[in-house]
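> Here it is: the structure, laid out below.
Nothing in this text is a laboratory measurement; each read-out follows from the coordinates by a stated rule. Everything numeric here is computed off the predicted structure, so don't read it as measured data. When we count neighbours, we look across all protein chains shown, and the Cβ atoms used for this are built from the backbone with ideal geometry, even at glycine.
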Amino acid sequence: MLSLALFLAIAFVASAVATIIGFGSATILIPFAGLVIDLKAAIVLVGFFHLFSNLSRLGMLRQSLNNRLFLTYGSPSVLAALGGAWLFYRLEVRLIAMAFAVFLIVFALHSLLNPRWSVPDTTPVLVSGGLLSGFVSGVIGVGGAVRSMFLIATGIDKEAYVATSAAIAVVVDMTRLPIYVVGGDVEASYYYYIAPLVVIALLGAVVGRRLLRRLPGVWVRRLVVVALMGVAIKMLVAP
């Protein structure tokens, strides 16, 4: 059984890392939460942490928010998250996670081999990316990887990237979490984790922001691509 202290320490690291690379708090924490409760209940619990982690980042970087990307990419994300959350209890999560992992590996390898490659920030491209990330977020809780894949590839600066990603994540989380809660997969005894997770999310975001300021934008992009590869590999080898 994972101790509460260790679980919160991992959550702190997850929040700090996610503030630098724009995603990953849920991806890092869900496997460890899964040592406490089953996978679907872990996704619900970590969803609350994910929400407050992104709220912290958005609050600190709100002046860098790219409103056009937020609206064009975020709106379809919300709609797709609703559909994904509704299908959450009706689909085989593991199979979707594996298909998603293969997709991420292809993108990461392509980005590493073609560092100057970028995605045009046209409306059709952004809407397509928003639909995909929202759906994945609703079904397996780690749609931030797809969101980051699209946003970082548009070439926006690092602060705008993190702020915009956080803003979209907040809206998506506020859409999917009520559906999860109504599903009733989390025992009441586990809700006491939420309060300390909120505090940890804020502290991790503060540390992560300080590190983000010190890193050149090109390094942030490389870290994002490497993190995407790591996420994909972990999802493929997870039991």
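> For a bin width of 5 Å, list the pair-distance distribution of the chain built from all Cα-Cα distances, rounded to whole %.
Result returned by the calculation: 1, 7, 16, 20, 22, 18, 10, 4, 1, 0.
> Mean separation of Cα pairs under 8 Å and 6+ residues apart, divided by the residue count of region 88-230: what relative contact order is that in percent?
It comes to 33 percent, rounded to a whole number.
> From the helices alone, meaning DSSP H stretches of at least four residues, give me the mean residue ellipticity at 222 nm for the chain, per-run term -39500 (n - 2.57), in deg cm²/dmol to the nearest 500.
Working: 10 runs with 188 residues, N = 239.
Taken over the chain, the calculation gives -27000 deg cm²/dmol.
> Exposure proxy check: HIS110, HIS50 ranked by fewest other beta carbons within 10 Å?
With the sparsest Cβ surroundings first, the list reads HIS110, HIS50.
> Report the extension gain between ARG94 and LEU203 in nm, rounded to one decimal, defined as 0.36 nm multiplied by the number of residues separating them, less their alpha carbon distance.
Full-extension gain reported as 36.1 nm.
> Expressed as an acute angle from 0 to 90° and rounded to the nearest 10, what is the orientation of the C-alpha long axis of helix 217-237 relative to the principal long axis of the chain?
40
> With 10 angstrom as the radius, rank TYR180, TYR192, TYR161 by how many other C-beta atoms surround their C-beta, starting from the fewest.
Ascending number of Cβ neighbours within 10 Å: TYR192, TYR180, TYR161.
> State, as an integer percentage, the relative contact order of the chain based on alpha-carbon contacts under 8 Å between residues 6 or more apart. Intermediate values should be presented prior to the final figure.
On the way: 353 pairs, mean separation 91.8, N = 239.
This gives 38 percent for the chain.
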